[in-house]
Amino acid sequence: MVCEENLDPYRKAFDLEVDNFSALVAVGGDGTFNQMVNGMLARPDKKRLPVGLIPTGSANDMGRSIGLQPGAIELAVSYIAKGEAIAVDTTRVLLDHEGESSLPEGGERLSFCRHMLSNAALSMPAKVANGASTWQGCFGSSSYSLSSYLQALRCGFV
């Protein structure tokens with residue numbers, strides 16, 4: 001399924017006939033994967049499928065946190081083909097609601113409820129990506145490593 005607009009990954013995972021599939025795989029970056037997972041977790045029928053990621057985005061924080069470097073397409077496909085899976089926690093954030101029962105349906109739900117994929121990034125990906133954009137023209141994907149190192153210096157981790 002090709003996603004052409006914002007929220008397409010969310011809508012497709014939300015509306016999918018899950019009984020016809022054994023897994024749902026995102027080919028993209030962190031945003032595509034996050035929207036797909038949120039669509040799956042927002043389903044009123046509570047049906048779930050294992051999800052996979054083939055990292056083709058620019059930062060690929062989620063892919064890196066599970067051991068998939070950018071461009072590791074063959075490795076990601078081999079994990080999916082083998083059915084290898086790892087558990088990843090999510091953190092659910094509700095805005096202006098006490099529970100999910102009062103949330104609107106569909107894409108509007110994302111304005112009030114989001115599941116964030118938990119990894120070891122300590123909420124630093126946005127700062128790292130922002131810092132990396134300065135050096136991307138010179139260093140390419142290595143700009144993320146440089147930005148990570150500089151953020152660690154600023155925080156006193158190095």
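Residue-level analysis places residue 67 outside the set of residues that are open to solvent by less than 80 Å² (accessible area, probe 1.4 Å), touching a residue at least 60 places away in the same chain (Cβ under 8 Å) and either at positive phi or of a type in the set (D, E, K, R) (or both). Scanning the range 70-91 for residues that are of a type outside the set (A, V, I, L, M), under 19 Å from residue 50 (Cβ atoms) and either modelled with pLDDT under 80 or open to solvent by 70 Å² or more (accessible area, probe 1.4 Å) (or both) yields 79, 82, 84, 89.
The criterion of at least 3 residues that are among the aliphatic types (A, V, I, L, M) and under 30 Å from residue 135 (Cα atoms) is met, among helices (runs of 4 or more DSSP H) falling completely within the range 1-113, by 73-82.
The values are calculated or read from the model by the stated rules, or taken from the named source; none is laboratory data. Predicted model only: the values in this text are computed from it and were never measured. Note that we place each Cβ from the backbone using ideal geometry, even for glycine, and neighbour counts take in every protein chain shown. Areas reflect the complete protein model, heavy atoms only, side chains present, ligands, DNA and RNA absent. Shrake-Rupley method; radii C 1.70, N 1.55, O 1.52, S 1.80 Å.
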